[in-house]
Amino acid sequence: MMDDPDRPPPQGAFPVWSKVFTNPTQRTFLEITEHPDATARNAYIWIFVAGTFSGLLGSLTQVVLGVSTFRQIMPEINQLPGFTMGFGIGGMLSAICTAPIAGIISVVGFAISVALIHWIAKFLGGQGSFNKLAYAFGAITTPVMVISAFLISVNAIPYASFCTLPALILLSLFGVYLQITAVKGVNGFGWLEAGIAVFLPVILIVFACAFAVLGLMKALGPSINDILQQVQPSL
């Protein structure tokens, strides 16, 4: 099967991400989403790779911290031949095996969040497609996930959080700005509608979680009171 001679050359993942972060304008999102590569499938691939990488890096960091903590709490384990190496190898194998699960969870969460934002944007009169919005959000979320994974791992270094925490906050705020700009560019409406489309799902999820917690507390209230009444006489 011959390629379509009229099809433009592939955009490439890194050029797209670089363009989004170095020229974060509505025109940029219009340009990248007008390309035939602008599909949800490509965005899902990016998110899966970034989620897998983040999960792997986070797990490896926990392995290193775990070995260090064991040595501090139980100095005698240093006398056990091969313990540290066995613990490290086991942790690495576990991290490698479980990292793809983090990638899958990232894709599912990403797809749901984009679908909610797209639905609200449509309700507000947006003209964009799900494929375009997912691609634009993938170009934002993937670099943010990778950079955040590095910064969070650096937190393992003592006092590094004084530098990484402000960087994470700024990165998150910039990511939100990029999302609003992407929604505005893809759907062709104003800043107010774009902001509502981005923030309303978060607000709804927070309220849903709050009501779920209150409902659970109300349902478990009598049981908790019975337990407390049984514990008090023994104190």
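Kindly establish whether V144 is in a helix (DSSP H, G or I) and either surrounded by 18 or more Cβ atoms within 10 Å (Cβ to Cβ) or among the basic types (K, R) (or both). Give the derivation first.
Working: in a helix (DSSP H, G or I): yes; either surrounded by 18 or more Cβ atoms within 10 Å (Cβ to Cβ) or among the basic types (K, R) (or both): yes.
Taking the combined requirement at face value, the residue satisfies it.
Kindly check whether there is at least one residue in segment 163-179 that is part of a helix (DSSP H, G or I), more than 22 Å from the chain's Cα centre (by Cα) and aromatic (F, W, Y).
Checked against the condition, which is being part of a helix (DSSP H, G or I), more than 22 Å from the chain's Cα centre (by Cα) and aromatic (F, W, Y), segment 163-179 yields no hits at all.
For segment 154-205, which residues satisfy the criterion of being among the aliphatic types (A, V, I, L, M) and farther than 24 Å from G138 by Cβ? Walk me through it before giving the result.
Within segment 154-205, the subset among the aliphatic types (A, V, I, L, M) is 154, 156-157, 160, 165, 167-171, 173, 176, 178, 180, 182-183, 186, 192, 194, 196-198, 200, 202-205.
Scanning segment 154-205 gives V154, A156, I157, A160, L165, L192.
Which one of these is within 30 Å of A136 (Cα to Cα), assigned to a helix (DSSP H, G or I) and either among the aromatic types (F, W, Y) or at pLDDT 75 or above (or both): L93, L57?
On the way: L93 fails: within 30 Å of A136 (Cα to Cα).
Just one listed residue meets the conditions, L57.
Out of all the residues in segment 37-48, which are touching a helix residue (DSSP H, G or I) at 6+ places or on another chain (Cβ under 7 Å) and either assigned to a helix (DSSP H, G or I) or crowded, with 20+ Cβ neighbours inside 10 Å (or both)?
Pass one, segment 37-48, residues touching a helix residue (DSSP H, G or I) at 6+ places or on another chain (Cβ under 7 Å): 38-40, 42-44, 46-48.
If the condition is that a residue be touching a helix residue (DSSP H, G or I) at 6+ places or on another chain (Cβ under 7 Å) and either assigned to a helix (DSSP H, G or I) or crowded, with 20+ Cβ neighbours inside 10 Å (or both), then A38, A40, N42, A43, Y44, W46, I47, F48 are the ones that fit.
Could you check segment 20-36 and list, in sequence order, the residues that are surrounded by fewer than 18 Cβ atoms within 10 Å (Cβ to Cβ) and either not aliphatic (A, V, I, L, M) or not in a helix (DSSP H, G or I) (or both)? Outline the logic, then answer.
Quick first cut of segment 20-36, residues surrounded by fewer than 18 Cβ atoms within 10 Å (Cβ to Cβ) only: 21-27, 30-31, 34-36.
Listed by number, the residues that qualify are F21, T22, N23, P24, T25, Q26, R27, E31, E34, H35, P36.
Please tell me if G55 is free of Cβ contacts under 8 Å to residues at least 60 places away in the same chain, under 20 Å from the mean Cα position of the chain (by Cα) and buried (at least 19 other Cβ atoms within 10 Å of the Cβ). Even if it seems obvious, please write down each step before you answer.
On the way: free of Cβ contacts under 8 Å to residues at least 60 places away in the same chain: yes; under 20 Å from the mean Cα position of the chain (by Cα): yes; buried (at least 19 other Cβ atoms within 10 Å of the Cβ): yes.
Yes.
Could you check, for segment 25-44, whether at least one of its residues is closer than 18 Å to A102 by Cβ and either at pLDDT below 90 or aromatic (F, W, Y) (or both)? Give the derivation first.
Kept after step one, since they are closer than 18 Å to A102 by Cβ, are these residues of segment 25-44: 43-44.
After this cut, where a residue has to be either at pLDDT below 90 or aromatic (F, W, Y) (or both) as well, the list is 44.
Yes, because at least one residue in segment 25-44 is closer than 18 Å to A102 by Cβ and either at pLDDT below 90 or aromatic (F, W, Y) (or both).
Here is a check on your reading of the model: is A136 assigned to a helix (DSSP H, G or I) and either free of Cβ contacts under 8 Å to residues at least 12 places away in the same chain or buried (at least 18 other Cβ atoms within 10 Å of the Cβ) (or both)?
Numbers: assigned to a helix (DSSP H, G or I): yes; either free of Cβ contacts under 8 Å to residues at least 12 places away in the same chain or buried (at least 18 other Cβ atoms within 10 Å of the Cβ) (or both): yes.
Yes.
Can you tell me which condition G126 does not meet? The list is (1) touching a residue at least 12 places away in the same chain (Cβ under 8 Å); (2) surrounded by fewer than 22 Cβ atoms within 10 Å (Cβ to Cβ); (3) not hydroxyl-bearing (S, T, Y), and all the others hold.
Of everything listed in (1) touching a residue at least 12 places away in the same chain (Cβ under 8 Å); (2) surrounded by fewer than 22 Cβ atoms within 10 Å (Cβ to Cβ); (3) not hydroxyl-bearing (S, T, Y), G126 misses just condition (2).
The values are calculated or read from the model by the stated rules, or taken from the named source; none is laboratory data. No experiment lies behind these values; they were computed from the predicted model shown. Here the Cβ is made from the backbone with ideal geometry for all residues, glycine too, and neighbour counts use every protein chain on show.
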